[in-house]
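S.K.: So that we are looking at the same thing, I have put the structure below in structure tokens.
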Amino acid sequence: MKVKLTELKSGYSGERRVSNLSSKSRAKVIIVGALVISFIFVYILSSVGVIPLDALLLKAKVAVSGNDERFPLLTDTESTICMDVIGDSIVILTTDNLTVYTPEGKMKYSQPHIFSEPGISINGDRAVVFDRGGNGFLLINEKKVVYEGKADNTIISAEYGEDGTYALSTKIDGATSTVTAYNKSNKLIFQWNCAYENIVSLCVSDNGKYLGVATLGAKNGNLLANVQYFGIDYKEPLNTQTIMGAVPFDIEFTGYNTLTLLTDVGVYTINRKDEKYTQALKYYSSEFNSCDVASNGKYIVSLAKYGSENVFEIHLLKSNGKIKTTIKTDYSIKNVRMSDKYIFALGEKAIYVYNYNGNEVSKIVYKGEAQGILPTDDFIFIVSLDKISRCFSYGNSEIELSN
């Protein structure tokens, strides 16, 4: 604040700062100053990798809001089909309902269904909920149900792409299975019939221009995996690859031009113009433990190496199939998951969190029985018998699950 001094008897004409601030103003200045110093301090620590600024701010936000009181979320063990994360939210699919909760545990929306065998296929912040025993399906995102529709035949699998394109694989007469793709206006834009093999998994590229299809077949008594790389505008595949002795269970677009196939004996990458696939990771089917793919295209595979010393390995692979990090653990891994920032390993008594460089950043010791983990960059949602508990992804802690 400034005041004119023209009326002072000293005859001085000019201005000066007022030094006698009120006690209320002084308190505000002190608080602002303390906050500035704190943020500078946290920023410095964050920049050298000691404390992530976003993790610190998140903990402060939760402490102030008190939203942790909504956890644990109670679930119905008998009716629950699947629990997972969609974007940063929680999705729970039951025999007759679909419910999405915020990370704070507040219900966003609920949608009843009449599917006889409900299933869900999640792709980042969107998903397809479908009837494996019928032809009904729902396209959803974190905020709402986008579309409710019916396929022409019984649905096997489904995928909802980032640009709004979605694909369904179904069983039809005259062919073992078929793949159809639709644009965001629900117009049919692609169809392919598969006469001799079973479609196991399919994926849609982010721009909606390409499809990947993994099928399971047999030749001379041996199982094989076939990968079809389609362009939406073409009837025939742009690339076809056969991998003998492999059982496929997931196919994903991990890069702009890269299809990644995960099988029981290895990980394979196929580019649109490749003459032959590339084996990114090889293992025995008895070694395979679990895997997960992040929305940024990176993915992890957990292997159990049994021998004189039981060792578990977590391999983090880049979108092009190159190994970025390998983590060896001295604890047994139930399963692994990942977010766009962290790798999560569920052990018998604790959850271990690593950054993409393979460094351990958190250890959450739990008491009780953890059946699974649903992680995001901010939180780990821990699934136990009849509830979902929550803890922070970053920072060591302890949590009670048995109460």
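S.K.: Given an 8 Å cut-off on Cα distances and at least 6 residues of separation, report the relative contact order of the range 75-181 as a percent.
M.R.: Details: 251 pairs, mean separation 17.1, N = 107.
Computed value for the range 75-181: 16 percent relative contact order.
S.K.: Separate question: Report the label-to-label distance for Lys273 and Arg70 in nanometres (one decimal), using points 7 Å from each Cα along the Cα→Cβ vector.
M.R.: 5.0
S.K.: Any idea what the dipole of the range 320-403 comes to, in debye rounded to 20, about its Cα centre with Lys/Arg Cβ at +1 and Asp/Glu Cβ at -1? Walk me through the numbers on the way to the answer.
M.R.: Numbers: 11 positive and 10 negative charges, 58 e Å.
That gives the range 320-403 a dipole magnitude of about 280 debye.
S.K.: Related question: If you wrap a convex hull around the Cα atoms of the range 97-233, how much volume per residue is inside, in Å³?
M.R.: Values: hull volume 16.6 nm³, N = 137.
Dividing the Cα hull volume of the range 97-233 by its residues yields 121 Å³.
S.K.: Please identify which residues in the range 375-390 have an amide N closer than 12 Å to a label point set 7 Å out from the Cα of Asp54, following the Cα→Cβ vector.
M.R.: 376-379
S.K.: Separate question: Simple spin-label model, 7 Å along Cα-to-Cβ: Lys209 to Ile114 in nm?
M.R.: Label at Lys209, label at Ile114, 4.2 nm between them.
S.K.: How high is the relative contact order of the range 258-403, in percent, with contacts defined as C-alpha pairs under 8 Å that are six or more residues apart?
M.R.: Once divided by the residue count of the range 258-403, the mean separation gives 13 percent.
S.K.: Let me ask another. What does the charge add up to near Thr260, with Lys and Arg as +1, Asp and Glu as -1, over the other residues with Cβ less than 11 Å from its Cβ?
M.R.: Working: positive: Lys298, Lys318; negative: Asp250, Glu252.
Cβ neighbours under 11 Å give a net charge of 0.
S.K.: Okay, next question. With labels modelled as points extended 7 Å from the Cα through the Cβ direction, what inter-label distance (nm, one decimal) is found for Val247 paired with Asn296?
M.R.: 3.3
S.K.: Taking R0 as 41 Å, what FRET efficiency do you get between Asp152 and Glu369 from their Cβ-Cβ distance, rounded to the nearest 0.05?
M.R.: 0.40
S.K.: Heavy atoms only, probe 1.4 Å: what % of the accessible area of the range 62-190 goes to carbon and sulfur, would you let me know?
M.R.: 45
S.K.: Output wanted: per-residue J couplings in Hz (rounded whole) for the range 132-146, from phi through Karplus 6.51 cos²θ - 1.76 cosθ + 1.60, θ = phi - 60°, x for Gly and Pro.
M.R.: The phi angles translate into 5, x, x, 10, x, 7, 10, 9, 10, 9, 4, 9, 6, 7, 7 Hz.
The values are calculated or read from the model by the stated rules, or taken from the named source; none is laboratory data. Please read all numbers here as calculations on a predicted model, not as lab measurements. Positions of Cβ are generated from backbone atoms using ideal geometry, with glycine treated the same way; all protein chains shown enter the neighbour counts. These accessible areas exclude ligands, DNA and RNA; they are computed on the full protein's heavy atoms, side chains included. Shrake-Rupley method; radii C 1.70, N 1.55, O 1.52, S 1.80 Å.
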